[in-house]
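The values are calculated or read from the model by the stated rules, or taken from the named source; none is laboratory data. Please read all numbers here as calculations on a predicted model, not as lab measurements. With ideal geometry, Cβ positions are generated from the backbone for all residues, glycine too; neighbour counts draw on all protein chains shown. Accessible surface is based on the protein model in full, side chains and every heavy atom, while ligands, DNA and RNA are left aside. Shrake-Rupley method; radii C 1.70, N 1.55, O 1.52, S 1.80 Å.
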Amino acid sequence: MSDHGFRRGKNSLIYKRVIAGSTQIIDLTFDVRPKEDPVALAALYPRMEVQIPAVDAVLEDMVGGATGELAGYSEARTRQGIHFTAEKADPRRWYVYRLQDLPAAVEQVRAFLDRWTMPLLDVYATPEDMVAAQARDDGRLTHARPQLVRVIAAALVCGKRDYAHALLEKRLGAPGARRLYKRVFDYVESYAERTA
């Protein structure tokens with residue numbers, strides 16, 4: 001990970017790097033005795049997260065303290081399992097059946113990160129990168145609604161209010177979704193006045 005500029009604290013499995021003003025995190029989370037494979041001693045579930053302060057500030061302003069469907073959206077980060085960054089033919093879980101298997105599993109995770117995750121993180125560090133990834137429908141990122149709302153915040157940061165509005169209409173413009181996300185629609189509509 002140090003080859004890519006990531007550092008970790010002593011006794012930690014959380015790696016971080018700062019790039020283009022964002023903080024990128026790789027968390028080597030593991031479960032002991034995973035339910036899906038009870039024979040395994042542990043399963044490694046590495047996750048990636050991208051924190052972009054300018055986007056996170058707009059997101060907090062947009063949906064901070066919201067209840068209902070939007071509850072927790074202000075804490076939404078680009079946080080997902082690293083297996084999403086691979087082609088669909090290469091989904092990965094890393095299981096450890098004996099303690100002796102752990103070094104090999106860690107090496108497999110490292111190789112996976114080098115092959116799939118780092119190429120994404122290298123081009124996903126700014127609000128502009130977020131908007132570009134959405135525009136090209138990058139399949140390496142989750143398409144959950146909290147991530148969509150975060151991309152809308154990124155578009156606003158980039159000065160692309162029309163793009164944010166068009167994305168909202170396309171993805172959440174149906175009457176039911178529009179009611180649930182009224183706060184986001186209202187925010188995007190009034191964003192020009194807020195920043196004037």
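Determine the gain in length on full extension of the stretch Glu169-Lys10; use 0.36 nm per residue of separation and subtract their C-alpha separation, reporting nm with one decimal.
Full extension of this stretch gives 52.6 nm more.
I need the fraction of alpha carbon pairs in region 64-147 separated by more than 22 Å, rounded to a whole percent.
Values: 1435 of 3486 pairs.
Cα-Cα pairs in region 64-147 separated by more than 22 Å: 41 percent.
Could you give P(r) for region 31-99, binned at 5 Å from zero, as whole percent values over all Cα-Cα pairs?
Spelled out bin by bin, region 31-99 gives 3, 15, 15, 14, 14, 13, 12, 9, 4, 1 percent.
Under a straight-distance cross-link criterion of Cα-Cα below 23 Å, which lysines are reachable from Lys16, leaving out those fewer than 8 residues away in the same chain?
Correct list for Lys16: empty, as no lysines qualify.
Using a Förster radius of 30 Å, what is the FRET efficiency between Asp3 and Gln100 based on their Cβ-Cβ separation? Nearest 0.05, please.
Calculated transfer efficiency: 0.70.
Okay, helix-only estimate at 222 nm for the chain: each DSSP H run of n ≥ 4 adds -39500 (n - 2.57), divide by all residues, round to 500 deg cm²/dmol; what do you get?
Calculated at 222 nm, the ellipticity per residue is -12000 deg cm²/dmol.
I want to verify a result. In a Gaussian network model of the chain, Cα cutoff 10 Å, which of these has the top mean-square fluctuation: Ser12, Ser74, Ser22?
Result for the chain, Cα springs under 10 Å: Ser12 fluctuates most.
Mind jotting down the three principal axis lengths of region 94-196 based on Cα atoms? Whole angstrom, largest first.
Sorted largest first, the three principal extents are 59, 29, 22 Å.
Using a 1.4 Å probe, what is the accessible area per residue for region 70-165, in Å²?
Averaged over the residues of region 70-165, the accessible area is 48 Å².
Report, largest value first, the span of the C-alpha coordinates of region 144-196 along each principal axis, in whole Å.
Between the extreme Cα coordinates on each principal axis of region 144-196 lie 31, 19, 15 Å.
Under 10 Å, Cα contacts only: if you run a Gaussian network model on the chain, which one of Ile26, Ile152, Ile14 comes out with the highest mean-square fluctuation?
Looking only at Ile26, Ile152, Ile14, the biggest GNM fluctuation is shown by Ile14.
Return the label of the correct value of Cα Rg over 2.2 N^0.38 Å, as calculated from the structure shown, out of (i) 1.01; (ii) 1.14; (iii) 1.33.
Of the listed options (i) 1.01; (ii) 1.14; (iii) 1.33, (ii) comes from this structure.
At 0.36 nm per residue, minus the direct Cα-Cα distance, what do Arg136 and Asp61 gain on full extension? Give it in nm, one decimal, please.
24.3 nm
What chymotrypsin sites (Phe, Trp or Tyr not before Pro) does region 89-196 have in DSSP loop regions with at most 16 other beta carbons within 10 Å?
Tyr97
Can you send over the carbon and sulfur percentage of the accessible area for region 89-196, probe radius 1.4 Å, protein chains only?
With neighbouring chains kept in place, the figure for region 89-196 is 55 percent.
Tilt of helix 102-112 relative to the longest C-alpha principal axis of the chain, in degrees (0 to 90, nearest 10)?
40
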